Amino acid sequence: MSAALTNYDAYWMPFTANRDFKKKPRVITGASGHYYTASDGSKLYDTFSGLWTSGLGHCHPKIVEAVQQQVASLDYCMTFQVTNDKAVALADRVTSMAPDEFTQCFFTNSGSESVDTALKIALGYHRARGEGNRTRLIGRERGYHGVNFGGMSVGGMVPNRKVFSANLIPGVDHIRHTLDLEHTAFTRGQPEWGAHLADDLERLCALHDGSNIAAVIVEPVAGSTGVLPPPVGYLERLREICDKHGILLIFDEVIAAFGRLARPFGAQRFGVIPDIITTAKGLTNGVIPMGAVLVRDSVYDAFMQGPEHMIELFHGYTYSGHPVAAAAGLATMDVYDEEGTFEQAGALEQHFEDLLHSFADHKHVIDVRNFGLMGAIEMAPREGAPGARGGEAHKKCFWDANLVIRNGMDTLQFSPFLNSNPDEMQKSFEDIRRVLDTIE
Ligand SMILES: Cc1ncc(COP(=O)(O)O)c(C=O)c1O
């Protein structure tokens with residue numbers, strides 16, 4: 001099917017400059033392993049492994065087979081009052097990979113739903129314990145927690161909030177973000193500078209009184225804002241302050257979980273254990289939409305009071321624990337185990353870091369950041385046209401270099417496959433450099 005023969009009028013694309021896109025569409029029609037096929041038949045290397053989703057590569061045969069079998073044997077069943085075998089097995093599997101305290105898994109269909117579910121669980125937890133006054137939620141500037149009203153409200157990305165400003169949920173505040181180029185530019189991995197920024201939470205505890213705060217939500221490594229690794233000691237400090245004031249700590253691991261930081265969960269990589277973990281993306285390798293919220297036993301136990309015939313949490317989605325998604329999730333976990341994916345990811349980190357930081361001398365580049373297999377190259381904005389340089393890089397990579405890259409404004413973001421071939425990874429960065437050299 002040729003892109004030229006397709007009518008794009010009815011298609012309103014998410015997070016895309018629609019009119020610009022439709023002038024010259026970029027359409028993917030197939031994928032295999034580390035490559036996409038475009039509508040003109042060209043093969044493109046995927047530097048973003050989907051949208052941080054597909055760490056194992058596209059169309060992994062084991063996941064494909066599991067989905068095919070499942071859809072032919074149990075296509076759907078509700079999970080209110082009955083359930084399916086695959087959802088039960090996946091909850092058990094995922095909690096067994098998590099830190100010991102995490103015994104509960106609640107399924108959703110996306111990262112945004114995981115976040116809103118986690119916020120609701122945090123509020124319900126305090127109320128169940130007789131602390132219904134704890135209603136305030138704290139996010140972080142530049143945080144991304146999806147696009148539903150809860151996640152958007154605790155999120156801190158201004159363009160996502162601006163239009164909805166008056167309708168964001170009440171009682172939310174934000175701590176400062178951790179990026180400061182003056183102190184941290186071109187740091188490899190976690191910056192040494194910045195642990196003290198966690199003390200901003202103390203400021204909000206003083207302002208609102210800590211006894212009114214239900215939860216703090218942060219991405220352990222901020223992703224969509226352009227990869228901000230936490231300063232050394234920062235997450236530990238957040239944990240301490242939360243403990244001091246009885247506040248739940250939520251790690252939004254929609255990107256970080258399932259190998260992107262070479263461990264099942266970012267919490268394990270950093271040795272900081274939150275109370276709730278949100279996930280999606282790598283849960284099914286992106287094959288079927290699915291998210292999961294992992295919850296500590298102490299949080300779950302607070303809900304398990306009152307008459308046993310009563311619903312404890314009035315929350316759930318028609319597709320929570322969808323059997324086909326759960327089958328994809330189980331197959332994904334099998335592949336992670338069988339192929340040693342998280343170890344593979346860890347072994348690639350140094351190479352990835354070196355390739356990213358080789359851009360430090362490029363004329364457009366003002367910062368390079370990385371942690372695990374998350375990376376960003378930040379370019380200076382073009383005068384009077386922020387985002388133009390990054391957008392041009394994306395389009396030129398697609399058309400002139402057979403590469404799919406992701407830009408957030410003028411920051412190029414990278415999410416390589418967890419099982420990348422080091423030579424292919426290197427070639428992709430060499431090609432990107434050639435493209436950047438042609439851009440004003
Ligand atoms: C940390 C984080 N939370 C939530 C989300 C939202 O996930 P979704 O787009 O699946 O709703 C994302 C998406 O990138 C994310 O990175």
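The values are calculated or read from the model by the stated rules, or taken from the named source; none is laboratory data. In this text, all values refer to a predicted model and were calculated from it rather than measured experimentally. Backbone-built Cβ (ideal geometry, glycine too); neighbour counts: all protein chains shown. The accessibility values were calculated without ligands, DNA or RNA, using every heavy atom of the protein model including side chains. Shrake-Rupley method; radii C 1.70, N 1.55, O 1.52, S 1.80 Å.
When DSSP beta bridges are limited to those with both residues in region 187-331, what percentage is antiparallel, rounded to the nearest 5?
40
Nothing charged except the Cβ atoms of Lys and Arg (+1) and of Asp and Glu (-1): what's the magnitude of the dipole of region 1-53 about its Cα centre? Round to the nearest 20 debye.
Charge dipole of region 1-53: 140 debye, to the nearest 20.
Sorted by packing (mean other beta-carbon atoms within 10 Å per residue), highest first, where do 108-114, 162-168 land?
Highest-to-lowest ranking by the protection proxy: 108-114, 162-168.
How much length is gained if the chain between Ala17 and Ala388 is pulled fully straight, taking 0.36 nm per residue apart and subtracting their Cα-Cα distance, in nm to one decimal?
Between Ala17 and Ala388, full extension yields an extra 132.4 nm.
Are there chymotrypsin sites (Phe, Trp or Tyr not before Pro) in region 1-67 that DSSP puts in a loop and that have at most 12 other Cβ atoms within 10 Å, and which ones?
Here the chymotrypsin sites (Phe, Trp or Tyr not before Pro) that fit, given the DSSP loop and packing criteria, are Tyr11, Trp12, Phe15.
Between Thr29, Ser73, Met13, whose Cα lies farthest towards the positive end of the dipole of region 1-82 when Lys and Arg beta carbons carry +1 and Asp and Glu beta carbons carry -1, centred on the Cα centre?
Farthest towards the positive pole: Met13.
Give me the dipole magnitude in Debye, nearest 20, for region 148-289 about the Cα centre, with unit charges on the beta carbon: positive for Lys and Arg, negative for Asp and Glu.
480
Go from 0 up to the bin containing the longest alpha carbon distance in the chain, width 10 Å each, and give me the % of pairs per bin.
Taking all Cα pairs of the chain, the binned fractions are 4, 21, 31, 27, 13, 3, 0 percent.
Apply 1/(1 + (r/R0)^6) to the Cβ-Cβ distance of Arg188 and Asp423, taking R0 = 22 Å, and write down the FRET efficiency to the nearest 0.05.
The pair Arg188/Asp423 has a calculated efficiency of 0.50.
Using mean Cβ contacts within 10 Å as the protection proxy, how do 217-223, 23-29 order, highest first?
The most tightly packed comes first, giving 217-223, 23-29.
Taking the Cα centroid of region 324-383 and of region 7-63, what is the distance between the two, rounded to the nearest whole Å?
A separation of 18 Å, based on Cα centres.
Taking 28 Å as the cut-off for C-alpha to C-alpha distance, list the pairs among Lys43/Lys281; Lys22/Lys43; Lys86/Lys120; Lys363/Lys396; Lys86/Lys427; Lys23/Lys62 that go past it.
From the list (Lys43/Lys281; Lys22/Lys43; Lys86/Lys120; Lys363/Lys396; Lys86/Lys427; Lys23/Lys62), the Cα-Cα distance tops 28 Å for Lys86/Lys427; Lys23/Lys62.
When the chain is fully extended, how far beyond the present Cα-Cα distance does Asp361 get from Glu240, taking 0.36 nm per residue of separation?
Stretched fully, the Asp361-Glu240 segment lengthens by 39.7 nm.
So the label point goes 7 Å from the Cα of Asp301 along Cα→C-beta, right? Which residues of region 248-271 then have their backbone N under 19 Å from it?
Output list for this probe position: 248-249.
Looking at Val163, Ile432, Val88, which one has the Cα that reaches farthest to the positive end of the dipole of the chain (charges on Cβ: Lys, Arg +1; Asp, Glu -1)?
Of the options given, the answer is Val163.
Dipole of region 282-440 (Lys/Arg Cβ +1, Asp/Glu Cβ -1, origin at the Cα centre): which of Val295, Ile377, Pro422 lies farthest to the positive side?
Farthest towards the positive pole: Ile377.
For region 163-236, run through the GluC sites (Glu not before Pro) and keep only the ones in DSSP coil with at most 16 other Cβ atoms within 10 Å of their Cβ.
Glu192
Of the listed peptides 323-335, 425-437, what is their order by residue-averaged count of other C-beta atoms within 10 Å, with the highest listed first?
Final packing ranking: 323-335, 425-437.
Tally up the carbon and sulfur contribution to the accessible surface of the chain as a whole percent, 1.4 Å probe, everything protein left in place.
The value for the chain is 53 percent carbon and sulfur by accessible area.
Taking only protein heavy atoms into account and a 1.4 Å probe, give the accessible area per residue of the chain in Å².
43
So, R0 is 25 Å and r is the distance between the beta-carbons of Cys77 and Ile311; what FRET efficiency does that work out to, to 0.05?
Rounded to the nearest 0.05, the efficiency is 0.85.
Which GluC sites (Glu not before Pro) from region 261-353 combine a DSSP loop assignment with at most 15 other Cβ atoms within 10 Å?
Glu308, Glu312
With +1 assigned to the C-beta of every Lys and Arg and -1 to the C-beta of every Asp and Glu, and no other charges, what is the dipole magnitude of the chain about the Cα centre in debye, to the nearest 20?
1200
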